[in-house]
Amino acid sequence: MLEFPLSVLILIALALFFDFLNGFHDSSNIVATIIASRALSGRQALAITAIAEFAGPFLFGVAVATTLGHEVLSDSQLKMSVILAALVSAILWNLLTWWLGIPSSSSHALVGGLIGAAMVESGIGIIKWAGLAKVIVALLISPIIGLLIGYLLTKLVLFLARGASPAINLFFKRSQIVTAVALALSHGTNDAQKTMGVITLGLVTSGVLNEFEVPLWVIAISAAAIALGTWTGGWRLIRTLGSKFFKVRPIHGFTTQIASAGVILGAALSGGPVSTTQVVSSAIMGSGSAERISKVRWQVAGDIVMAWFLTIPISAVLAALVGMLLRNWF
């Protein structure tokens, strides 16, 4: 039976709280368009997606956990205070952006926190540049791909549905149940793995595990935490994504979810951690602009993009400060 030092128990508790907030924060990404288009009620949408999110990591593996926990920082040089500082900074940023109703990226916050705390503690040599490049490329390219696929898919659906009667909206509404499950599976697969990677990294750093391999119990508790957070739901962010960009109709929900699920799941299978917030927000904008560029309220999009760019540097600085405070404790 494994015995955990106090520092590891604190790490697991913080990681699961971050995971819960990730689900709470990102629930808007999955259900906002369903609720806005009136395909399902809020509670129905959140319950279905929470179940799918729990199942995701068991179905599609842990490639993202390996990337984030093993390929970005050198395990041999890493200290427990670095991982804890990264989690604390990511949690604080998530709470702040939730309170302000800004759909920022939990992934960016965690990556920025790990880099900032690690560099202050051990210097630039602790970074594995190939792994970090893989993470940065995935984070930067995925929203662009989401925007393009959302735009092109909506154009295609509008073309195929030309001349259809208004009854086709019923098809789009019902289909969103299937596409929402697919999006939730992809979200659970990608985002829950970030917590799995951090917990496993802490287990290796503390000597509880001899090598980086995600245990089944870590997969289970991480999947459960993000599912619970999703079911609780971040209604401030749901309102932002569901109504502030433009008036979302069933066709937008349908195409946005297909585009987002494809990008997120593809990244998860290849080990690339992406921001669900970025991908879904971009897909929504792509879907709306496929009908008319002026349809999208680009000022709201600009505020969100600004939060995307600020998240990594702010969380890095915050984690560095927290890491210096924790240095003497561990």
Only one of 227, 283 is in a helix (DSSP H, G or I), modelled with pLDDT of 85 or more and more than 30 Å from residue 130 (Cβ to Cβ), namely 227
Of all residues being surrounded by 23 or more Cβ atoms within 10 Å (Cβ to Cβ) and of a type in the set (Val, Ile, Thr) in the stretch 46-66, which is farthest from residue 266 (Cα to Cα)? Just the residue, please. 49
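Looking only at the stretch 13-34, decide whether some residue is touching a strand residue (DSSP E or B) at 6+ places or on another chain (Cβ under 9 Å) and at pLDDT 80 or above. Lay out the reasoning, then the answer.
To start, the set of residues in the stretch 13-34 that are touching a strand residue (DSSP E or B) at 6+ places or on another chain (Cβ under 9 Å) comprises none.
The answer is no, given that none of the residues of the stretch 13-34 is touching a strand residue (DSSP E or B) at 6+ places or on another chain (Cβ under 9 Å) and at pLDDT 80 or above.
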State which residue is modelled with the lowest pLDDT when the search covers only the stretch 252-267 and only residues that are surrounded by 21 or more Cβ atoms within 10 Å (Cβ to Cβ) and over 20 Å from residue 48 (Cβ atoms). 267
Please list, ordered by first then second residue, the pairs with beta carbon atoms under 7 Å, 6 or more apart or interchain, first in the stretch 305-318 and modelled with pLDDT under 80, second not in a helix (DSSP H, G or I). 307/102; 307/104; 308/104; 308/105
Need at least 1 residues that are over 28 Å from residue 228 (Cα atoms) and aliphatic (A, V, I, L, M) per element, so show me which helices (runs of 4 or more DSSP H) inside the stretch 56-165 make the cut, counting only ones lying wholly within it. 106-122, 129-160
Residue that is nearest to the chain's Cα centre (by Cα), among those in the stretch 115-149 that are more than 16 Å from residue 271 (Cβ to Cβ) and crowded, with 24+ Cβ neighbours inside 10 Å: 143
Positions within the stretch 205-223 being in a helix (DSSP H, G or I) and free of Cβ contacts under 8 Å to residues at least 60 places away in the same chain, in sequence order: 216, 217, 218, 220
Looking at (1) modelled with pLDDT under 85; (2) surrounded by fewer than 19 Cβ atoms within 10 Å (Cβ to Cβ); (3) more than 14 Å from residue 255 (Cα to Cα), which is the only condition residue 169 fails? (3)
Residue pairs within 7 Å by beta carbon, gap of at least six or interchain, first lying in the stretch 1-26 and within 12 Å of residue 87 (Cβ to Cβ), second of a type in the set (D, E, K, R) and crowded, with 17+ Cβ neighbours inside 10 Å, listed first then second, are 22/191
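The values are calculated or read from the model by the stated rules, or taken from the named source; none is laboratory data. For clarity, every value in this text was computed on a predicted model and none was experimentally measured. Neighbour counts are summed over all protein chains in view; Cβ atoms, including those assigned to glycine, are modelled from backbone coordinates with ideal geometry.
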